[in-house]
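**Student:** One structure, pasted below without further comment.
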Amino acid sequence: MRQAARVEARAAYAFVAPTALLLGLFVFLPLAWAVVISFQSTDGFGQGAWIGLDNYARLLGDSRFWRASLNTLVFTVVVTPLSIGLGLAAALLLDAALPARPLFRTVLILPMAVSGVATALVGLLFFDENTGVLNSILASFGLSEPAWQSDGPWAFASVVLVTLWWRVGFNMLIYLTALQGTDPQLHESAMLDGASWVQRLRHVTIPALRPATFFLVIINVIYSFQVFDLVFVLTGGGPEDSTSVLVTYAYEQGFTQRDQGYAAAVGMVLLVATLAFTTLQWRLNRGRDGEA
Amino acid sequence: MKLLRTVAASVVALVLVFPLYWMVVVALSSRRDLLGGRVGVLPSDLTTDNFRRVLEAFPVGTWFGNSVAVSLSVAVLTVVTNLMAGYAFAHLRFRGASPLFVLALGTLVLPVQVIMVALFRLVTELQLYGTYWAVILPTSASALGMFLARQFFLGIPRDLLDAARLDGAGEWRTFSRIVLPNAKPLVAVLFFMSLLSSWNDFAWPLIALKDNELFTLPIGLLYLQGQYGPDYTATMAYALVNVAPMLVLFVIFQRFFVQGFTSSGLR
């Protein structure tokens, strides 16, 4: 019996080894290395010089870093609830009896298949201040035409809009899957009790969707922390850093300015933010499970 | 009520599909028409001139081939390794299983950008910088498929596996003859997800590649935009070349895609 257990364990290690090797070499090793680099001054060639906490001290007084942090935070706070809420609304719409439902579903998740760069370029086509479609549509309704490219807040709005176009389908898909897994009897008995649609939504549907919501909050926040392709191509972080986020700032410092130690320090801030958020969510979710 | 819902869904669908439709229309219109505001919702003068222009000016065929080679390699490597690991975590008992699993799962929340500088150093150190391998290997290090595979394999009854073992099949045989044939939809989903994310990947290939001969399609798109500026008709023609293959595959595969998420226990 012990022999069999040993054979099983040996097989298990062999099965896990390829994944462990890839993750170890290309995730954990660079992660440890990133910590080391963040204490160095280095351009990426040759040995770096050890400068202790200087990179981190520099972050404190770097207004561009603070701007990028603030933008990342605002982006996350705006995009997460919007894309989850819109995803839920779309899922509720498609969950009901509807002709050609598979067609609608396909159309709604289609943007998921489009690359970030292509999405951003189509975004440029829409938001271009001279030839953009959006402003000609707005003008034809007699509305004012925002300066999507030269005015900071409008540029930020354009990034948010493009992100929503890209993301809502995914959120809808997860909710749709979850809705189809909920027990129809719950709804039936609530209806017998005379609960209105809104009451059923609040007391039956949304509680049943909690695991999906938990998953989506984490996924959407992490995505928002990491938004890169869209910003990089659509606005390049401009005008005047008004759309710059932590990740584009880290890329600029690391690969344009070649100040790689500093870029690694920016990366560490992102890592700490991600870990703090995920741990918090985990705790909150576990806490609520405890009550139930 | 049903009519209202259908109308609402139609409006949402039209808004979401319009950008893709507009990309196609612009790609098929002449630059002069676009600048002159003569391109309407219904395309008038259709031309394939943009495609010709882009194909002549850039090695689009090579970039296409690069994208195919890189994303197929990533998909095969990721799916094979993830399926194996997922099976072990679902059905085999070994010491350290749960800490290893949690550690692997933890990598899912790690932003690539946190490690990009160090990863760049690593591939340079390994003398992979500027090669396909620099893109393929780090991109294949993903645990998402492993997690989905484990969830799926947990649904395969233990009795079935024990029966195979009693017949004297080794773990590898059990896995390849019993488990995999039962997991075809899972394999299809994982393969497609991995293919799609690698095909569309931008940030890392941008760092890892330097010669334009080795560019993948998304990098080429940025390069082309840098050269053409706001020549949207040419850019959209190229974007269409980049986007079309995955859109077609996506429409074919999306049914499995949905099932894949359902079977992963996210309910």
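The values are calculated or read from the model by the stated rules, or taken from the named source; none is laboratory data. All of these numbers come straight from a predicted model, not from anything done at the bench. Positions of Cβ are backbone-derived with ideal geometry, glycine not excepted, and every protein chain shown enters the neighbour counts. Accessible surface is based on the protein model in full, side chains and every heavy atom, while ligands, DNA and RNA are left aside. Shrake-Rupley method; radii C 1.70, N 1.55, O 1.52, S 1.80 Å.
**Student:** Which one of the conditions (1) exposed (fewer than 14 other Cβ atoms within 10 Å of the Cβ); (2) assigned to a helix (DSSP H, G or I) does A:G169 fail to meet, given that it meets all the rest?
**Tutor:** With respect to (1) exposed (fewer than 14 other Cβ atoms within 10 Å of the Cβ); (2) assigned to a helix (DSSP H, G or I), A:G169 is out only on (1).
**Student:** Would a scan of region A:129-150 turn up a residue that is within 25 Å of B:P205 (Cα to Cα) and either away from chain B (no Cβ under 13 Å) or surrounded by fewer than 23 Cβ atoms within 10 Å (Cβ to Cβ) (or both)?
**Tutor:** Going residue by residue through region A:129-150, those that are within 25 Å of B:P205 (Cα to Cα) are none.
Within region A:129-150 (the criterion being within 25 Å of B:P205 (Cα to Cα) and either away from chain B (no Cβ under 13 Å) or surrounded by fewer than 23 Cβ atoms within 10 Å (Cβ to Cβ) (or both)), the answer is no, since none of the residues qualifies.
**Student:** Still on this structure, please answer the following. In the set B:L46, B:L122, B:L108, which member is open to solvent by 60 Å² or more (accessible area, probe 1.4 Å) and within 10 Å of chain A (Cβ to nearest Cβ)? Let's see the steps before the verdict.
**Tutor:** Details: B:L46 fails: within 10 Å of chain A (Cβ to nearest Cβ); B:L122 fails: open to solvent by 60 Å² or more (accessible area, probe 1.4 Å).
None of the other options fit; the residue is B:L108.
**Student:** Given the criterion in a helix (DSSP H, G or I) and either within 11 Å of chain B (Cβ to nearest Cβ) or over 19 Å from the mean Cα position of the chain (by Cα) (or both), identify the matching residue among A:L73, A:L108. Let's see the steps before the verdict.
**Tutor:** Values: A:L73 fails: either within 11 Å of chain B (Cβ to nearest Cβ) or over 19 Å from the mean Cα position of the chain (by Cα) (or both).
Among A:L73, A:L108, only A:L108 is in a helix (DSSP H, G or I) and either within 11 Å of chain B (Cβ to nearest Cβ) or over 19 Å from the mean Cα position of the chain (by Cα) (or both).
**Student:** Right, here's the next one. Consider B:V117 carefully, then state whether it is more than 11 Å from chain A (Cβ to nearest Cβ), more than 16 Å from B:N66 (Cβ to Cβ) and either hydrophobic (A, V, I, L, M, F, W, C) or surrounded by 23 or more Cβ atoms within 10 Å (Cβ to Cβ) (or both).
**Tutor:** On the way: more than 11 Å from chain A (Cβ to nearest Cβ): no; more than 16 Å from B:N66 (Cβ to Cβ): yes; either hydrophobic (A, V, I, L, M, F, W, C) or surrounded by 23 or more Cβ atoms within 10 Å (Cβ to Cβ) (or both): yes.
In short, no.
**Student:** Step by step: first the residues of region A:151-166, then only those that are without any contact (Cβ under 8 Å) to a residue 60 or more places away in the chain and within 13 Å of chain B (Cβ to nearest Cβ), then the one that is most open to solvent (accessible area, probe 1.4 Å). Which residue is that? I'd like the intermediate steps shown before the answer.
**Tutor:** Initially, region A:151-166 is screened for residues without any contact (Cβ under 8 Å) to a residue 60 or more places away in the chain, giving A:154, A:157, A:161, A:165.
Next, from what is left, pick out any that are within 13 Å of chain B (Cβ to nearest Cβ): A:161, A:165.
Working: A:L161: 83, A:W165: 36 Å².
Here the residue is A:L161.
**Student:** Shifting gears a bit: Would you say B:L83 is facing chain A (nearest Cβ under 8 Å), part of a helix (DSSP H, G or I) and either open to solvent by less than 20 Å² (accessible area, probe 1.4 Å) or at pLDDT 90 or above (or both)?
**Tutor:** Numbers: facing chain A (nearest Cβ under 8 Å): no; part of a helix (DSSP H, G or I): yes; either open to solvent by less than 20 Å² (accessible area, probe 1.4 Å) or at pLDDT 90 or above (or both): yes.
For B:L83, the condition - facing chain A (nearest Cβ under 8 Å), part of a helix (DSSP H, G or I) and either open to solvent by less than 20 Å² (accessible area, probe 1.4 Å) or at pLDDT 90 or above (or both) - is not met.
**Student:** Can you go through A:L234, A:L186, A:L179, A:L230 and tell me which one is open to solvent by less than 10 Å² (accessible area, probe 1.4 Å), out of contact with any strand residue (DSSP E or B) (no Cβ under 7 Å at 6 or more places or on another chain) and hydrophobic (A, V, I, L, M, F, W, C)? Spell out how you get there, then give the answer.
**Tutor:** Values: A:L234 fails: open to solvent by less than 10 Å² (accessible area, probe 1.4 Å); A:L186 fails: open to solvent by less than 10 Å² (accessible area, probe 1.4 Å); A:L179 fails: open to solvent by less than 10 Å² (accessible area, probe 1.4 Å).
Going through A:L234, A:L186, A:L179, A:L230 in turn, just one is open to solvent by less than 10 Å² (accessible area, probe 1.4 Å), out of contact with any strand residue (DSSP E or B) (no Cβ under 7 Å at 6 or more places or on another chain) and hydrophobic (A, V, I, L, M, F, W, C): A:L230.
**Student:** Another question, then. Hey, could you check region A:244-258 for residues that are surrounded by fewer than 19 Cβ atoms within 10 Å (Cβ to Cβ) and assigned to a helix (DSSP H, G or I) and say which is farthest from the other protein chains (Cβ to nearest Cβ)?
**Tutor:** Only one residue tops the list, namely A:T256.
**Student:** Let me ask something additional. Scan region A:259-280 residue by residue and report those that are over 16 Å from A:A32 (Cβ atoms) and open to solvent by 30 Å² or more (accessible area, probe 1.4 Å). Give the steps one after another, and end with the answer.
**Tutor:** Taking region A:259-280 as the starting set, the residues that turn out to be over 16 Å from A:A32 (Cβ atoms) are A:259, A:262-263, A:266, A:269-270, A:273-274, A:276-280.
Matches in region A:259-280: A:D259, A:V269, A:A273, A:A276, A:F277, A:T279, A:L280.
**Student:** Which one of the conditions (1) more than 20 Å from the chain's Cα centre (by Cα); (2) over 30 Å from B:L240 (Cα atoms); (3) assigned to a helix (DSSP H, G or I) does B:L108 fail to meet, given that it meets all the rest?
**Tutor:** Going through the list (1) more than 20 Å from the chain's Cα centre (by Cα); (2) over 30 Å from B:L240 (Cα atoms); (3) assigned to a helix (DSSP H, G or I), B:L108 breaks only (1).
**Student:** Turning to a different aspect of this structure: Out of region B:21-42, which residues are buried (at least 16 other Cβ atoms within 10 Å of the Cβ) and part of a loop (DSSP other than H, G, I, E, B)?
**Tutor:** Our first condition is that a residue be buried (at least 16 other Cβ atoms within 10 Å of the Cβ); within region B:21-42, this holds for B:22-31, B:33-34, B:39.
Correct list: B:L28, B:S29, B:S30, B:V39.
Table: residues versus (1) at pLDDT below 90; (2) facing chain B (nearest Cβ under 10 Å); (3) within 24 Å of B:P205 (Cα to Cα).
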| position | (1), (2), (3) |
| --- | --- |
| A:T205 | yes, no, no |
| A:N220 | no, no, yes |
| A:D241 | no, no, no |
| A:G261 | no, yes, yes |
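**Student:** From the list B:L3, B:L77, B:L28, B:L46, which one is modelled with pLDDT of 90 or more and more than 30 Å from B:F147 (Cα to Cα)? Before the answer, list the steps.
**Tutor:** Numbers: B:L3 fails: modelled with pLDDT of 90 or more; B:L77 fails: more than 30 Å from B:F147 (Cα to Cα); B:L46 fails: modelled with pLDDT of 90 or more.
Exactly one residue qualifies, and that residue is B:L28.
**Student:** Moving on to the next point. When B:W133 is evaluated against the numbered criteria (1) open to solvent by less than 20 Å² (accessible area, probe 1.4 Å); (2) aromatic (F, W, Y); (3) more than 9 Å from chain A (Cβ to nearest Cβ), which criterion, by number, is the only one it fails?
**Tutor:** Every condition holds for B:W133 apart from (1).
**Student:** Please specify each residue of region B:139-176 satisfying the condition of being away from chain A (no Cβ under 12 Å), open to solvent by 20 Å² or more (accessible area, probe 1.4 Å) and under 30 Å from B:S197 (Cβ atoms). Can you show your working first?
**Tutor:** Start the filter on region B:139-176 by keeping residues that are away from chain A (no Cβ under 12 Å), which leaves B:148, B:151-152, B:154-160, B:163-164, B:167-168.
Now narrow it down to the ones that are open to solvent by 20 Å² or more (accessible area, probe 1.4 Å): B:151-152, B:154-155, B:157-160, B:163, B:167-168.
Those that are away from chain A (no Cβ under 12 Å), open to solvent by 20 Å² or more (accessible area, probe 1.4 Å) and under 30 Å from B:S197 (Cβ atoms): B:Q151, B:F152, B:L154, B:G155.
**Student:** OK, next. Which residue out of B:V70, B:V60 is more than 10 Å from chain A (Cβ to nearest Cβ) and over 30 Å from B:A183 (Cα atoms)?
**Tutor:** Values: B:V70 fails: over 30 Å from B:A183 (Cα atoms).
Going through B:V70, B:V60 in turn, just one is more than 10 Å from chain A (Cβ to nearest Cβ) and over 30 Å from B:A183 (Cα atoms): B:V60.
**Student:** Any residue at all in region A:85-97 that is touching a residue at least 12 places away in the same chain (Cβ under 8 Å), in the same structural domain as A:Q180 (by the TED database), open to solvent by 70 Å² or more (accessible area, probe 1.4 Å) and in a helix (DSSP H, G or I)? Walk me through it before giving the result.
**Tutor:** Restricting attention to region A:85-97, the residues satisfying the condition of being touching a residue at least 12 places away in the same chain (Cβ under 8 Å) are A:86-88, A:90-92, A:94-95.
Next, from what is left, pick out any that are in the same structural domain as A:Q180 (by the TED database): A:86-88, A:90-92, A:94-95.
Add one more test, that the residue is open to solvent by 70 Å² or more (accessible area, probe 1.4 Å), and what stays is A:86.
Applying the additional criterion that residues be in a helix (DSSP H, G or I) yields A:86.
Yes, that holds for at least one residue.
**Student:** Can you find, within region A:9-34, the residue that is most open to solvent (accessible area, probe 1.4 Å) among those that are more than 7 Å from every other protein chain (Cβ to nearest Cβ) and within 20 Å of B:W204 (Cβ to Cβ)?
**Tutor:** A:L21
**Student:** Within region A:113-128, can you find the residues that are within 30 Å of B:F256 (Cβ to Cβ) and either small (G, A, S) or facing chain B (nearest Cβ under 7 Å) (or both)?
**Tutor:** Filtering region A:113-128 down to residues within 30 Å of B:F256 (Cβ to Cβ) leaves A:113-123.
Hits for region A:113-128 are A:A113, A:V114, A:S115, A:G116, A:V117, A:A118, A:A120, A:L121, A:V122, A:G123.
**Student:** If you don't mind, another one. A:G52 fails exactly one of the following numbered conditions: (1) on the phi > 0 side of the Ramachandran plot; (2) without any contact (Cβ under 8 Å) to a residue 12 or more places away in the chain. What is the number of that condition?
**Tutor:** Status for A:G52: all satisfied but (2).
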